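What follows is a short report on a single structure.
The values are calculated or read from the model by the stated rules, or taken from the named source; none is laboratory data. Computed from a prediction, not measured in an experiment: that's the story for all the values here. Methodologically, a virtual Cβ is constructed for each residue, glycine included, from the backbone with ideal geometry; neighbour enumeration extends over all protein chains shown. What goes into the accessible areas is simple: the full protein's heavy atoms, side chains included, and nothing from ligands, DNA or RNA. Shrake-Rupley method; radii C 1.70, N 1.55, O 1.52, S 1.80 Å.
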Amino acid sequence: MNILILGSGGREHALAWAVMQNPKCDKLIVAPGNAGIAQIAECASLDIMDGAAVTVFVEENAIGFVIIGPEAPLASGVADRLRDAGVLVFGPSEAAARLEASKSFTKEVCDAAKAPTAGYGHFTDAQAAKAHIRKHGAPTVVKADGLAAGKGVIIAMNEDEALAAIDDMFGGAFGGAGAEVVIEEFMEGEEASLFVLVDGEDVLSIGSAQDHKRVGEGDTGPNTGGMGAYSPAPVLTPEIEARAMEEIVKPTMRIMAERGMPYQGVLYVGLMIKDGLPRLVEYNVRFGDPECQVLMMRLGAQALDLMQAAAEGRLQQAQVNWGDDHAITVVMAANGYPGAYEKGSQIKGLEALPEDSSNMVFHAGTARLDGAIVATGGRVLNVTARGDSLQEARDRAYAMADQIDWPAGFFRRDIGWRALD
Ligand code: AMP
Ligand code: GLY
C-alpha cells in the first residue's frame with residue numbers, strides 16, 4: 001500500500017517512522033515533510049490545505065491511505081474532499097473537527113452527553129461576557145472559541161485579568177477565533193491526556209501521555225506547544241481511564257453519531273484529574289505534538305494497522321499489543337522560543353546518534369541547507385527514547401540530547417519530573 005502523511009512536524013516524523021516499520025507500507029510520501037522525514041521517506045511539496053490539490057496528488061501517486069497530521073486541514077474539510085473521491089483517510093470530517101475548532105460546540109456536546117467538564121458560559125458580545133465574570137469572579141478561564149494555535153486560552157487569576165482578556169479577544173487579538181468567547185470555571189487537579197481511536201462507532205484507547213506546556217524548568221514561564229512528554233501517564237490509572245471512557249468519550253462520540261457527524265480518527269482527550277475523578281479540559285482532533293512521538297515509540301509498526309482499522313470501521317476487532325514500557329521525548333527549541341527566535345542556525349552531531357526501536361531523534365522544524373541540518377522553527381528536535389522504566393528512557397534521551405551540538409538551542413532538564421518524584 002502507498003501511504004501519504006500530511007504535515008511537517010515532529011508528530012508527522014514519528015508517524016512516518018512507525019508506518020515505515022510496517023511491511024504493509026510499500027511507499028511512503030510525506031507532504032511537505034522536513035529534513036528528518038526526508039531521511040526515511042519521500043517528501044513532496046503540496047498545499048495540504050487544498051483538498052482538491054491533495055486529491056489530485058493522491059490519484060497521480062496511487063496512494064491507498066492518507067493520514068492527516070495537523071488540525072488545520074481537518075478543520076477545513078480536507079478529509080471530506082478525499083472521502084468524496086473514494087480515498088481511504090484517517091482523520092475526522094470538517095463537521096466532526098469542530099470538537100477542536102469550536103470550544104462552545106464541544107461544551108454543548110458535553111452538556112448533551114452529560115460528560116463531566118468545567119461549567120461555562122458562551123458569549124458573542126463583551127458586555128454579557130463581562131457581566132458573567134463580575135457575577136462568577138476569579139480564578140476563571142477565558143477562551144477564544146476558534147482555533148488560535150494553542151494561544152487562545154487565558155487563565156485569569158483575578159477579575160481584572162479576566163476583564164482585560166475579554167477586551168483583547170473581542171478587540172481582535174486572536175482574529176476571527178476570538179469573535180466568540182467561552183468563559184469556564186477554573187478546574188484544579190493534574191492534567192493528562194488519553195488518546196483514543198474512533199471509527200464512527202467503536203472506540204479504542206491507544207495510550208496516555210503527559211506533556212510539559214511551560215517553557216521553564218519546574219513548569220514555569222510562558223506556555224509553549226509542549227517542551228516534552230512521556231507515556232504512560234501514571235496519574236491516569238486504569239480505573240480513571242475506564243471512567244473517562246465511559247463517562248466522557250463514549251457518550252460524546254454517541255452524540256456525534258446521533259447528530260449525523262460520526263467521528264473518525266484519533267481523539268486527543270485532555271483531562272483534569274482530581275480525587276480520582278476525570279473531567280474533560282479539551283478535545284483535539286489529532287495526535288498531540290509532542291505526545292505522538294512517545295505514543296509512536298511505544299506502538300511501533302502496529303500504529304498503521306490501528307489507524308487503518310479506524311479508517312475502515314473495523315475497530316471492534318482491533319486490539320493494542322502493549323509492552324510494559326515507557327517512552328519520553330525532550331524537545332529542543334531555538335533560543336528565545338516561545339518568543340522571537342532566529343532561524344537558520346546549524347545543528348551538528350546528529351549522525352552519531354543511535355536510531356533504533358528505543359532511540360530516535362524526530363525532527364520538528366529542520367531543513368537541509370548545503371548538506372547541513374539547520375533549524376527552521378521554534379520547536380526543532382524531539383529527542384525520544386524508550387525503556388523498561390521511565391528513568392531508563394529518560395537517561396537514554398538526555399544522553400542523546402547532550403551529544404547534540406547546537407549552541408542556538410535549549411531544552412528542559414526535568415521532563416518527566418511529576419512521574420518520577
Ligand atoms: P485548551 O486549549 O482548552 O486545552 O487550554 C489550554 C490549557 O489551559 C489546558 O491544557 C489547561 O492547562 C488550561 N485550561 C484550560 N481550561 C481550563 C480550565 N477550565 N481549568 C483549568 N485549566 C484550564
Ligand atoms: N502538546 C499539546 C498539543 O498537541 O495540543
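Conditions tested, residue by residue: (1) within 15 Å of Arg98 (Cα to Cα); (2) open to solvent by 40 Å² or more (accessible area, probe 1.4 Å); (3) near ligand 1 (Cβ under 10 Å from one of its atoms); (4) of a type in the set (A, V, I, L, M, F, W, C).
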position	(1), (2), (3), (4)
Ala165	no, no, no, yes
Gly171	no, yes, no, no
Glu180	yes, yes, no, no
Ile183	no, no, yes, yes
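Could you please find all residues in the range 136-145 being of a type outside the set (Asp, Glu) and open to solvent by less than 60 Å² (accessible area, probe 1.4 Å)?
Once the filter is applied, which keeps residues that are of a type outside the set (Asp, Glu) and open to solvent by less than 60 Å² (accessible area, probe 1.4 Å), the range 136-145 yields Gly137, Ala138, Pro139, Thr140, Val141, Val142, Lys143, Ala144.
Report whether or not Ser45 is under 18 Å from the mean Cα position of the chain (by Cα) and surrounded by fewer than 19 Cβ atoms within 10 Å (Cβ to Cβ).
no
Can you tell me which residue within the range 113-135, out of those that are more than 27 Å from the chain's Cα centre (by Cα) and of a type in the set (Gly, Ala, Ser), is surrounded by the fewest Cβ atoms within 10 Å (Cβ to Cβ)?
So, considering only residues that are more than 27 Å from the chain's Cα centre (by Cα) and of a type in the set (Gly, Ala, Ser), the one surrounded by the fewest Cβ atoms within 10 Å (Cβ to Cβ) is Ala131.
Taking the range 225-244, which residues are open to solvent by 20 Å² or more (accessible area, probe 1.4 Å) and closer than 24 Å to Gly69 by Cα?
Scanning the range 225-244 gives Gly225, Pro232.
Could you list, in sequence order, all residues of the range 203-222 that are outside any strand (DSSP E or B) and away from ligand 2 (no atom under 14 Å from the Cβ)?
Passing the criteria: Glu217, Gly218.
Conditions tested, residue by residue: (1) part of a strand (DSSP E or B); (2) open to solvent by 20 Å² or more (accessible area, probe 1.4 Å).
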position	(1), (2)
Val374	yes, no
Gly377	no, no
Asn382	yes, no
Gln391	no, yes
Met400	no, no
Arg412	no, no
Ile415	no, no
Ala419	no, yes
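Output yes when any residue across the range 202-221 is within 27 Å of Arg413 (Cβ to Cβ), of a type in the set (Val, Ile, Thr) and free of Cβ contacts under 8 Å to residues at least 60 places away in the same chain, and no when none is.
There is at least one residue in the range 202-221 that is within 27 Å of Arg413 (Cβ to Cβ), of a type in the set (Val, Ile, Thr) and free of Cβ contacts under 8 Å to residues at least 60 places away in the same chain.
When you scan the range 185-194, how many residues do you find that are within 16 Å of ligand 2 (Cβ to nearest atom) and surrounded by fewer than 20 Cβ atoms within 10 Å (Cβ to Cβ)?
Matching residues across the range 185-194 total 2.
Pick from the range 18-34 the residues that are open to solvent by 10 Å² or more (accessible area, probe 1.4 Å) and in contact with a Ser or Thr (Cβ under 9 Å, 6 or more places away or on another chain): which of them is nearest to Met332 (Cα to Cα)?
Asn34
Quick one: which of Arg243, Arg279, Arg286 is of a type in the set (D, E, K, R), away from ligand 2 (no atom under 12 Å from the Cβ) and either in a loop (DSSP other than H, G, I, E, B) or over 19 Å from the mean Cα position of the chain (by Cα) (or both)?
On inspection, the qualifying residue turns out to be Arg243.
Scan the range 152-163 for residues that are more than 13 Å from ligand 1 (Cβ to nearest atom) and open to solvent by less than 30 Å² (accessible area, probe 1.4 Å) and report the count.
Here the count works out to 1.
For the range 100-113, indicate whether the set of residues that are under 30 Å from Val56 (Cβ atoms), out of contact with any Leu (no Cβ under 7 Å at 6 or more places or on another chain) and part of a loop (DSSP other than H, G, I, E, B) is non-empty.
Yes, the range 100-113 contains a residue that is under 30 Å from Val56 (Cβ atoms), out of contact with any Leu (no Cβ under 7 Å at 6 or more places or on another chain) and part of a loop (DSSP other than H, G, I, E, B).
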